[in-house]
Amino acid sequence: MQNVNFDKEMEKVVSNLDKKKKILLHACCAPCSTACIERLTSAFDITVFFYNPNMDTEKEFFKRLNEQIRLCQSLGIETLFEGYDPQEFYDAVRGLEKEPEGGKRCEKCFYLRLKKTALKAKELGFDYFTTTLTVSPLKNSYLLNTIGQTVGNECNVNFLPSDFKKKNGYKRSVELSAEHGLYRQNYCGCIFSKVNK
């Protein structure tokens, strides 16, 4: 099952849409969101949701949030966000602090952020939700799509499958970040990924 082409799965969903739908796009940061927004904009009315309690410092959190808001304002896209509460992340990953990057700790973090996005999408009446996390070549798209589908079912809201790194998505995000002059970080955001750099 790990060889599912989630990019093609997304294209199937998009080809069956009868009109533009409302999508809540979970964004880890502005640079990653650039190429995802570009891909989604023809089929969806996008609202970006910045929910990242995994950030290691308040300074880093607000640096990324402010860049996300600046990008979205320049594109005419609404940004929603949750405040900085790192305890949510630490509670979710308790006992997994020594896990390797990409392991069970990341799985818990993905679940935390995607569940909150699904709940927000349901609360605000979005047709779909998805995440920018699949644009990264360092993130497991199969795991992210599996979690997204799971929390979508739990919350009764449609998850849009994706693998935004396909079709040179990551490369495009780097190009678009440079065009917009965005701050690009070199770690996922959590203290554990920083230590492992």
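The values are calculated or read from the model by the stated rules, or taken from the named source; none is laboratory data. Note that the coordinates shown come from a computational prediction; the quantities given were computed from them, not determined experimentally. All Cβ positions, glycine included, derive from the backbone under ideal geometry; neighbour counts span all protein chains shown. Areas reflect the complete protein model, heavy atoms only, side chains present, ligands, DNA and RNA absent. Shrake-Rupley method; radii C 1.70, N 1.55, O 1.52, S 1.80 Å.
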Q: Kindly list, by first and then second residue, each pair from a residue in segment 176-193 that is open to solvent by 60 Å² or more (accessible area, probe 1.4 Å) to a residue that is assigned to a loop (DSSP other than H, G, I, E, B) and of a type in the set (Phe, Trp, Tyr), limited to pairs with Cβ atoms under 7 Å and residues at least 6 apart or on different chains.
A: none
(Q) Tell me yes or no: at least one residue of segment 118-138 is of a type in the set (Lys, Arg) and either under 27 Å from Asn3 (Cβ atoms) or in contact with a Gly (Cβ under 6 Å, 6 or more places away or on another chain) (or both). (A) no
Q) Glu101: at pLDDT below 95, open to solvent by 70 Å² or more (accessible area, probe 1.4 Å) and closer than 26 Å to Val174 by Cα, yes or no? A) yes
Q: Count, please, the residues in segment 149-161 that happen to be more than 27 Å from Asp56 (Cα to Cα) and either open to solvent by less than 10 Å² (accessible area, probe 1.4 Å) or modelled with pLDDT under 95 (or both).
A: 2
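Report whether or not Lys59 is assigned to a helix (DSSP H, G or I), over 26 Å from Asn153 (Cβ atoms) and out of contact with any strand residue (DSSP E or B) (no Cβ under 6 Å at 6 or more places or on another chain).
Working: assigned to a helix (DSSP H, G or I): yes; over 26 Å from Asn153 (Cβ atoms): yes; out of contact with any strand residue (DSSP E or B) (no Cβ under 6 Å at 6 or more places or on another chain): yes.
Answer is yes for this residue.
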Q. Can you name the number of the only condition in (1) under 22 Å from Leu176 (Cβ atoms); (2) assigned to a helix (DSSP H, G or I) that Arg105 fails?
A. (1)
Q.
Would you confirm, using the coordinates I've provided, whether Thr146 is touching a strand residue (DSSP E or B) at 6+ places or on another chain (Cβ under 9 Å), open to solvent by less than 80 Å² (accessible area, probe 1.4 Å) and polar (S, T, N, Q)?
A. no
